[in-house]
Structure formats: structure tokens, C-alpha cells
Amino acid sequence: MATIKVTGTRRQAGDTRAGEEKPRQTRDAAATRDRILKAAEKEFAKRGLKGTRIDAIAKRARCNKALIYHYFGSKEDLFSAVLEVTYEKIREAERRLDLAHRSPQDAMQELIGFSFDYVSEHPEFISLINDENMHGGVHLSHSTRARDLNSPLVALIEEILKRGQAEGAFRSGVDPVQLYISIASICYFFIANRHTLSAIFSLPKTREVLDMRRQHVIQVILGYLRPDASASAANLPRVPS
């Protein structure tokens, strides 16, 4: 009976070790995958999809190439995963703004200011999106995850617009998708082209100039959303079809 008891004790101890090993392996795998994604983001942002070598990613991630292919399949698939994470990070940061509990005007101003600050503070975001556009958006077009990440944002903007219209703060008939594209594009253009714009218009690369541009972007978008902007737009000449 003593032998049976000892054997049972050993088996239970072995089971415990086996049970502990699986979570550890899972954590290690997740950490390795995360390191690869972070390393790939830096390499792709710096050299683009075509110019990036898997060897360079492996070296930066402190792993071998076999692990990269194991987790992601190919360099193209890894680039797609990096793009998904890129959008995931900006959408997560937008969610932390808690816009649903702000007044329509405050929520919209916060979103515009955030969009400007984000591209200002994340040059890798611009580099990766520019590179994907050079490839015709093919990687994002096959990413259901990237599209799903944007849906809640569009729904939130639509809700803010409806509240603003009900309170008489915003004009009617504003398309949430078109509005966000306008916000993103106006914020993006100055940051992406700051070097050439600074040279052409003699704009110093200072914090003051950046803040002035940020305020201008906010005023432009909020000006468009004013209720009287709807009447002004109605009086514009129609574009021939």
C-alpha cells in the first residue's frame, strides 16, 4: 500500500509539472510572436516590404528565421499581420478617449486632436500605410480583421454626429466615413509632407508650428460641422455630372 501511495504521489507531481509546462510554453510562444511583430514593424517601417529581409527581423527579434516562418508563414503574411497590429493600436488608443461620454463638440474636437497627435508621434504608422498603398492595399483588402477594427469607430462617429445634430451643434447629412477620411487625410498630409512643406513655405520645424497646424485642423473640421455650414453648402454651384 505504501508503494501505491508513493507512486500516486509521483504521478500527481508529474501531472502538475506537465500542467505548468503548457502555460509556460504558451507564454513563451506569445512573447516570441510579439517580439517578431515589433521587430518586423521597425524593419518594414524603415525599409518597406520589398527592402526588408527576414534575416534582419530575426536578428532584431532575437530568434531564428524558422520561428518567423512557423508563426507567420511568409514575409508577405508577416507584413499583413504588422498592418493589422498597426490599425489595432490606433483603434485601441481611440477607444481609450471615451468619446461616447463627452459632449458632441468635445468628442469631435478630442478625436481630431488625437488623430493629429497620433500621426505626429508615430512616424512608423505613416511609413507602413504609405508602403501598403504602394502595393495597392492588397494586404489590407484580404484582412477581415482590419476592416472589423474600423467598424466600431464609424459607428461611434455616427452616434456623435446624431447627438450633435439633435442638440443643434452639428449640421445634418454628414457621412461618418467621409468625415473620418477627411479628418485622417488632413492630419496625415502635413505630417507626412512636413519636410517639403517646411522648405516651400519656410515653416520652422518647431512645436509652435505643429500646434498652430493642429488648431487649424480642428477649426476646419468643426467649421464644416456647424449647422450653418449645411446652408452654405446648399448654395454652392452644382458640379456637372
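For this structure, a couple of remarks:
- Using the Cβ-Cβ distance between V220 and K38 with R0 = 41 Å, the FRET efficiency computed as 1/(1 + (r/R0)^6) comes to roughly 0.70.
- Filter on K42/K89; K65/K89; K89/K162; K38/K205; K42/K205; K38/K65 - keep pairs with C-alpha separation over 18 Å: K65/K89; K89/K162; K38/K205; K42/K205
- Efficiency of FRET between D228 and D77 - r from beta-carbon atoms, R0 51 angstrom, step 0.05: 0.55
- Remark: the A29-R194 segment gains 55.4 nm on full extension, using 0.36 nm per residue and subtracting the alpha carbon distance.
- Using the Cβ-Cβ distance between A66 and V209 with R0 set to 51 Å, the FRET efficiency from 1/(1 + (r/R0)^6) comes to roughly 0.60.
- A Cβ-based charge dipole, computed about the Cα centre of the stretch 114-213 with Lys and Arg at +1 and Asp and Glu at -1, lands at about 180 debye.
- Model label zone, H135; criterion: amide N under 15 Å from point 7 Å along Cα-to-beta-carbon; scope the stretch 76-112: 76-87
A short reminder: the numbers here are calculations on the coordinates, not readings from a lab. Computed from a predicted model, the values in this text were never measured in an experiment. Quick reminder, even Gly has a Cβ in these numbers, built from the backbone with ideal geometry, and neighbours come from all protein chains shown.
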